[in-house]
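Visitor: My questions will all concern the structure given below.
Just so it is clear, none of the values below were taken in a lab; they were calculated from the coordinates. Predicted model, so just to flag it, every value in this text is computed and none were measured. Glycine gets a Cβ as well: all are built from the backbone with ideal geometry, and neighbour counts include every protein chain shown.
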Amino acid sequence: MRFYLRIQLSLLLSALLLSCAGGNDKQTKVNSKDSGYQVEVAPRSGGKKINTDNTIIQPLSLAECNIKGKVKFISFRKYSLGRWNRKVLTAKGYYSYDTSGYLLCHNEYKSDGIQTIGCIYNYDKNHRATEWNIMDQGNGRDSKIVFKYGKKGNKTEEIIDDKDPKFSIKATFKYDSAGDEIQEKDYADDGKLKEIISFRYDNKGNQTEVSHLAALTHVVQSKFTCTYDDNSNEIAGKKYSSDTAVVVKWSCKNNDKGKCTEKVYYTTEGYMTMKNTFKYDTIGNLTEYNYFRADGSFNEDDSYSLEYMYDKTRNVIKQTKVIKRSGKQVLVEYTEYDIVYY
């Protein structure tokens, strides 16, 4: 398993990420589903990374999120609309940034004010993450993540200190001469090696292969491969259950801005199992996600549209989610953002 701390983040974070998805596709990866998000540190090299775990990579700066201006503070309130369009507050929270635009903390609360998540982020003089302190009330866990770096600035070690020892683990990293990560080793709390992960790249630095190997035998247990077009946009991929056994394949279509507009999943025999389509506005924000079943029929339960309102700096201040029910557009939830600038 890829080394990360699993945190059940609310949709508020995903909404913020979706609203800034036009800024840096190499930094932000979003799961196509609406729950179970996972977080890891954003990569620093220039190539595309294979998203093996449907993770969200936590942006640590306004620039990575494509949030404009010198933002000091962002608060949010998320509402759902129930019967008779009754507005119900479901979650709220805030993000705080330093004068250089780096995330200092973020906190989330239930509608009754009970805190669900609290994170504090620390950096070195080069704005690299050095320590995260995380309170996850949803899972009853408190954790500290420490990051260490080598002389060339690459992350060499990542340590999770969790109050539950089974989640206290360490990872070490190796890089090639181009600065791309080529190996990760994950260790359990008792120091025993759990897993080895190896990486391969093309000549543009795009990740073409991720292999998960057994710690003792070094036998490949799972593998992901990707191919890219001349603009480094993902066009196809495969998942393997071993070094050679393919279990699922997919293909991607992209627009002229490199945004994925269609992703189709296939069996090894070439039969479609699922298709997702995506639409974006002129800024690059996701405006429509559609889900189609194996027989090509439209699944309205897992499809939605997003609408945005912007402030004068062109930052999102309201995001509205609309779904289709019996062919009709129905507003189901929206999130409001209040932005304070330095």
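Visitor: If you take the beta carbon distance between Lys148 and Asp98 as r and set R0 to 25 Å, what does 1/(1 + (r/R0)^6) give as a FRET efficiency, to the nearest 0.05? Before the final figure, lay out the partial values.
Guide: Working: r = 22 Å, r/R0 = 0.87.
With a Förster radius of 25 Å, E is 0.70.
Visitor: What are the principal axis extents of the Cα atoms in the range 169-239, in Å, biggest first?
Guide: 45, 26, 18
Visitor: Go through the range 259-342 and name the trypsin sites (Lys or Arg not before Pro) that are in a DSSP coil and have 10 or fewer other Cβ atoms within 10 Å of their Cβ.
Guide: Those satisfying the criteria are Lys312.
Visitor: Sticking with this structure for a sec: Over the range 55-199, what portion of Cα pair distances is larger than 18 Å, expressed as a whole percent?
Guide: When every Cα pair of the range 55-199 is considered, 68 percent fall beyond 18 Å.
Visitor: Could I have the simple spin-label model distance between Thr217 and Ser177, label points 7 Å from Cα toward Cβ, reported in nm to one decimal?
Guide: If labels sit at Thr217 and Ser177, their model points lie 3.5 nm apart.
Visitor: Amide H neighbours of Glu262 under 5 Å, at least 5 residues apart or on other chains, H built in the peptide plane: list them.
Guide: Those qualifying (amide H under 5 Å, at least 5 residues apart or on another chain) are Lys253, Phe278.
Visitor: Estimate the FRET efficiency between Phe298 and Ala236 by the formula 1/(1 + (r/R0)^6), using the beta-carbon distance for r and 22 Å for R0, to the nearest 0.05.
Guide: 0.35
Visitor: Follow-up question, since we're still on this one. Roughly how many nanometres apart are two label points built 7 Å out from the Cα toward the Cβ at Thr282 and Lys312?
Guide: So the two model labels end up 2.0 nm from each other.
Visitor: Right, something else. For the range 226-308, rounded, prolate or oblate, judged on the Cα gyration tensor with a ≥ b ≥ c (square roots of eigenvalues), a/c < 1.5 rounded, else prolate if a/b > b/c?
Guide: Cα axes put the range 226-308 in the oblate bin.
Visitor: Give me the percent relative contact order of the range 110-264, please, defined on Cα pairs under 8 angstrom at least 6 residues apart.
Guide: Rounded, it is 9 percent for the range 110-264.
Visitor: About its Cα centre, what dipole magnitude does the range 47-136 give when the only charges are +1 on Lys and Arg Cβ and -1 on Asp and Glu Cβ, stated in debye to the nearest 20?
Guide: The dipole of the range 47-136 has a size of about 560 debye.
Visitor: If you don't mind, there's one more thing I want to ask. Please give, to one decimal in nm, the separation of the simple spin-label points placed at Val88 and Glu131, each 7 Å out from Cα toward the Cβ.
Guide: It is 4.1 nm.
Visitor: Rounded to the nearest Å, what's the spacing between the alpha carbon centres of the range 223-281 and the range 199-215? Just the number, please.
Guide: Their Cα centres are 16 Å away from one another.
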